[in-house]
Every structure is written in C-alpha cells, then in structure tokens.
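The values are calculated or read from the model by the stated rules, or taken from the named source; none is laboratory data. Everything numeric in this text was worked out from a predicted model, so none of it was measured. Cβ placement follows ideal geometry from the backbone for every residue including glycine, while neighbour counts extend to all protein chains displayed.
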Amino acid sequence: MIQLYIPLNFLGVIYREIKQSLTDLDKMFTLLEREREIADAPDAKPLAVQGAAVRFEHVSFAYDAARPILHDISFEIPAGKKVAVVGPSGSGKSTLARLLYRFYDVDAGSISIDGQDLRGLTQGSVRRAIGIVPQDTVLFNDTVAYNIAYGQPGATQQEVEAAARAAHIHSFIASTPKGYATMVGERGLKLSGGEKQRVAIARTLLKNPPILIFDEATSALDSGNERAIQAELEAAAQNKTVLVIAHRLSTIVDAHEILVMEKGRIMERGHHAQLIEQGGRYAQMWRVQQSGGAAADEPHGAAV
Ligand code: ATP
C-alpha cells in the first residue's frame with residue numbers, strides 16, 4: 001500500500017505545483033494584457049499639472065465589445081472640486097475610476113486632465129498625479145513600511161509614520177513585534193479588510209497627489225474608525241480634485257456635482273439640494289438611508 005501511496009502522493013504534489021504555476025502564469029498574462037492595452041504612444045508627453053481639472057467628454061467604453069458598459073458619459077471636475085458617483089452595483093462607477101487611472105483606453109470620446117488627453121500622455125506621469133483608495137487593497141509581499149511608502153521611495157520613516165498615524169493604523173503597526181518591518185501580503189501577516197484599507201489610505205496621504213479617487217473608500221472600515229478616517233480623508237482632499245464613488249450619501253452632500261448612474265448612463269445629476277428637490281432616484285435613496293436603510297449601491301437602495 002505504502003508503495004502505491006508514495007508515488008500517488010508525489011503526483012499530488014506535482015499536480016499542485018503545476019496548478020500553482022498555471023495560476024501564476026494566468027496572473028502574469030492578465031497583467032501583461034493590461035500593460036499592452038495601455039502602452040504609451042511613441043510621442044507621449046508627461047502630464048503638466050496646472051490645477052488638475054478632469055474632464056470626461058462623451059466617453060463610451062466596453063471591456064468586451066459585445067457588452068457595452070459606459071454610454072456617452074460627460075462630466076467635469078473643476079480643479080480642487082469633488083464629484084461623487086452613486087448608483088447600483090454594476091452600473092459602471094468603478095469603471096470610471098479605472099479609465100481615469102488609465103487601466104484602459106476609452107472606445108469613444110475622451111478623458112483629459114488640464115486639457116491634455118490621457119492617450120497623449122505617459123502613463124507614469126498620469127499615475128503619479130492620481131492617488132487611489134480602492135475597494136479591495138492588494139498589498140505587496142513586503143514590509144508595512146514598503147507598502148505605505150510604495151511609489152515614494154525617498155520617503156523617510158517619520159513621513160511613513162505620520163501618514164500611518166493620520167490613517168489610524170500606526171498603533172496597530174506599533175503593536176506587532178517587528179513594527180514597520182512586519183511582512184504583510186499573502187505570505188506575511190494577514191490584515192483585515194479595514195486594516196488593508198487604512199494602509200492604502202496612508203499610502204495615498206503620503207503620496208499627496210493633486211487628484212484623488214476614493215472608490216467606496218470607507219466601505220471596509222468599522223463605524224468606530226470610520227468617522228475619524230473620514231475626517232482625515234476630507235482634510236487630505238482639501239483643494240484637491242476628487243472623484244468619489246460613494247456608498248453613504250451623507251459623505252457627499254458637499255460635492256460640486258453628484259452623478260447618479262444606472263446601467264452605464266448618468267440618469268440624474270446635480271448637487272445634493274437640487275437632487276433632493278427633483279424628488280427622483282437620488283431623493284429616494286437619501287430617504288432610505290436617512291431612515292437607516294441600505295447603502296446607495298445595495299440592491300434595496302438601488303431599486304429606487
Ligand atoms: P460595484 O458598486 O459593485 O463596485 P460598479 O458600479 O463600480 O459596481 P463596475 O465595477 O464599474 O461597477 O462594473 C460595471 C460592469 O462592468 C459590471 O457589469 C461588471 O461585470 C463589468 N466589468 C467590470 N470589470 C470588468 C472586467 N475586467 N472585464 C469584464 N467586465 C467587467
């Protein structure tokens with residue numbers, strides 16, 4: 001029996017190794033594919049930031065030609081202002097953020113920063129100008145300090161710590177035996193969704209870019225931390241150009257413009273008071289949330 005077990009067990013190990021290699025290869029090709037889609041034009045220029053005004057003009061986009069996702073989207077975020085996007089799950093909110101960060105190019109229309117079309121700019125210069133706090137933060141298999149300072153290789157330990165304090169993750173890091181040298185990521189210390197998000201917030205605070213994208217920035221945080229971090233994010237967002245994809249409408253009442261999306265189209269737009277006055281979808285979502293109901297993109301909130 002043992003004679004049969006050992007080779008079978010060995011085959012099992014080989015099978016797992018091959019499967020893992022295929023998974024890694026798959027990931028690599030996904031990344032390469034993404035890189036290919038957003039290659040710099042031969043004459044690409046670096047972005048020259050003046051005030052960091054963002055403009056989407058008649059943008060249409062599909063990940064797969066057979067299934068259009070965004071239809072004729074136009075809006076502007078004037079320099080230093082905040083535009084919020086709300087709408088049901090799958091309506092295309094995060095896709096707007098991905099296009100602004102230029103993970104993909106638009107199929108029709110254009111996106112520009114300070115009048116410069118993204119397609120004519122170097123990716124590096126565009127990404128240096130934008131900080132994202134995403135829905136799901138993937139950490140690198142490296143130290144917490146590296147993860148916070150990512151993209152800012154010259155950052156000092158004091159700067160890293162100051163950003164971590166502002167994002168309310170410093171005391172957690174300090175409580176681990178190796179502190180900022182603690183390894184995180186898939187092979188290191190496992191962090192909760194909220195802790196990972198706070199690392200992403202610290203990274204963004206340290207990077208201090210002129211454009212910020214908050215993709216449901218506080219969705220993974222418990223309510224105790226939420227208000228304090230919300231205040232930090234608001235302080236960090238002062239005088240910056242901000243695109244926020246919001247769950248809770250109470251965080252966007254001060255937005256310059258709110259876009260209410262559904263199925264890849266802007267169905268309503270205006271500032272908070274105008275939308276309440278209109279008495280449409282947004283007003284109904286607001287009433288549901290005020291009475292303690294679903295978040296803006298949850299099915300109950302969305303069904304309005
Ligand atoms: P949520 O609130 O759930 O995050 P969302 O409004 O941000 O949703 P998007 O993530 O922009 O929605 O997705 C819009 C549509 O695009 C969805 O139908 C989704 O399935 C599809 N989609 C998103 N990413 C991809 C991708 N990489 N490839 C193909 N389709 C995608």
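From 268, 277, grab the single residue that is over 17 Å from residue 245 (Cα atoms) and modelled with pLDDT of 90 or more.
On the way: 268 fails: over 17 Å from residue 245 (Cα atoms).
None of the other options fit; the residue is 277.
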Checklist entry - So which residues in segment 56-73 are without any contact (Cβ under 8 Å) to a residue 60 or more places away in the chain and either more than 10 Å from the ligand (Cβ to nearest atom) or in contact with a strand residue (DSSP E or B) (Cβ under 7 Å, 6 or more places away or on another chain) (or both), if there are any at all? => result 56, 57, 58, 59, 60, 61, 65, 66
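Residues are listed down the side, and each one gets a yes or a no for (1) within 10 Å of the ligand (Cβ to nearest atom); (2) modelled with pLDDT under 95; (3) in contact with a helix residue (DSSP H, G or I) (Cβ under 9 Å, 6 or more places away or on another chain):
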site	(1), (2), (3)
76	no, no, no
87	yes, yes, yes
98	yes, yes, no
104	yes, yes, yes
117	no, no, no
Item to check | Tally of residues being within 12 Å of the ligand (Cβ to nearest atom) and either part of a loop (DSSP other than H, G, I, E, B) or at pLDDT below 75 (or both) across segment 223-265 | outcome: 4
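What are the residues in segment 110-126 that are surrounded by fewer than 17 Cβ atoms within 10 Å (Cβ to Cβ) and not in a loop (DSSP other than H, G, I, E, B), if any?
Going through segment 110-126, the residues surrounded by fewer than 17 Cβ atoms within 10 Å (Cβ to Cβ) turn out to be 110, 115, 117, 119-120, 122, 124.
Once the filter is applied, which keeps residues that are surrounded by fewer than 17 Cβ atoms within 10 Å (Cβ to Cβ) and not in a loop (DSSP other than H, G, I, E, B), segment 110-126 yields 110, 117, 119, 120, 124.
Just to check your reading of the model, which residue among 130, 111, 77 is farther than 21 Å from residue 40 by Cα and of a type outside the set (Lys, Arg)?
Values: 130 fails: farther than 21 Å from residue 40 by Cα; 111 fails: farther than 21 Å from residue 40 by Cα.
Within the list 130, 111, 77, the selection yields 77.
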Checklist entry - Right, residue 144: modelled with pLDDT of 95 or more and over 23 Å from residue 241 (Cβ atoms) or not? => result yes
Item to check | Flag for residue 94 being closer than 23 Å to residue 130 by Cα, at pLDDT below 95 and either of a type in the set (S, T, N, Q) or touching a Pro at 6+ places or on another chain (Cβ under 7 Å) (or both) | outcome: yes
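With within 14 Å of the ligand (Cβ to nearest atom), of a type outside the set (Phe, Trp, Tyr) and within 20 Å of the chain's Cα centre (by Cα) as the only criterion, which of 91, 112 stands out? Full working, then the answer.
Details: 112 fails: within 14 Å of the ligand (Cβ to nearest atom).
Of 91, 112, the one residue that is within 14 Å of the ligand (Cβ to nearest atom), of a type outside the set (Phe, Trp, Tyr) and within 20 Å of the chain's Cα centre (by Cα) is 91.
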